[in-house]
Amino acid sequence: MLKSNKFFRNLVYGFILLLIILACFVVYKLIRLQGFRVLNTNPSANSVAELTPFFDINFNERIAKNVIIKSTNGLIKNYKVQGKSLDIFFNYPTSDKNTYYINIPKISSVTNKTIYNINYDFNPQNLPESSLPEDQQKFLINAQDQHQYLTQNIEYKNTSALINFGFSSTQLAEIENYIESFDNKAKIVIFGPTINIANPGEKPSTTYEFSASFNITIGGANYSALVVCFNPSSSTIQLSNSSGQNVFSSSKYAVGF
């Protein structure tokens with residue numbers, strides 16, 4: 001009888017211990033679920049194609065707007081913070097011959113929770129537009145329609161100042177694309193009137209590797225522009241308003257708006 005009681009008592013103790021362990025596990029999982037974290041990306045890093053126009057990172061909490069993104073040079077056109085989503089827009093097409101990276105050194109939620117060093121690496125797939133997911137196809141069609149409309153309706157003035165300074169026609173077209181992304185309602189864009197070397201002693205070369213600063217009027221509003229050119233077909237632009245606040249950047253260290 002005593003042995004039977006002891007066995008029953010040990011069984012009860014074991015059952016209670018198991019319940020305690022399970023409770024601790026549940027509490028641990030609940031605490032983890034409450035932390036600021038990435039839920040998923042759209043598309044996934046291994047599903048990026050050469051024509052993929054965006055890369056959305058979805059979090060479980062609303063994101064604070066001040067985000068810095070590092071990436072392969074020329075990959076990112078701009079980004080937007082929209083609620084719980086960080087929407088990164090690419091300068092597509094990319095190349096299946098290259099490997100690209102995106103690094104977010106630090107990102108915080110509106111409740112001041114922080115994640116450090118989020119990294120993505122991908123090698124784009126060579127796929128036809130018809131093979132892309134529906135949301136990417138829709139984005140590309142809308143972008144083509146909008147670009148055609150903007151190109152026909154925006155008047156660019158004093159572009160000769162950029163060409164005479166040393167910009168290639170491809171770089172100028174890329175800058176115009178950036179401006180159209182920044183303000184799709186502008187009717188007139190005026191460059192200059194003067195274009196300045198951003199770094200004293202630096203001059204444009206046959207490789208088109210230089211940086212330049214100039215005033216620019218977009219739809220009647222005045223901005224300061226800083227343009228960095230890496231080769232005849234690649235450039236980035238950063239726009240600041242009259243208060244010196246950065247309002248748009250397509251650079252390697254992208255700043256959203």
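Of 77/106; 65/138; 65/97; 77/113, which ones are farther than 31 Å apart at the Cα?
Working: 77/106 20 Å; 65/138 26 Å; 65/97 33 Å; 77/113 27 Å.
Long pairs (Cα-Cα over 31 Å): 65/97.
For the residue pair residue 18 and residue 134, what label-to-label distance in nm results when each label sits 7 Å from Cα along the Cα-to-beta-carbon direction?
4.7 nm
If you add up the charges near residue 42, with Lys and Arg at +1 and Asp and Glu at -1, over every other residue whose beta carbon is less than 11 angstrom from its beta carbon, what do you get?
Details: positive: none; negative: 56, 87, 135.
Net charge around residue 42: -3.
By how many nm would the segment from residue 188 to residue 112 grow when fully extended, if each residue of separation counts as 0.36 nm and the alpha-carbon distance is taken off?
23.3 nm is the gain from fully extending residue 188 to residue 112.
Mind grabbing the base-10 log of I(q)/I(0) for the range 43-178 at q = 0.15, 0.19, 0.20 Å⁻¹? Debye formula, identical points on the C-alpha positions, no solvent, two decimal places.
-0.88, -1.17, -1.22
Every number here is computed from the coordinates shown, using simple stated rules; none is lab data. Computed from a predicted structure; not experimentally measured. Cβ sites come from the backbone with ideal geometry, for glycine too, and all protein chains shown count toward neighbours.
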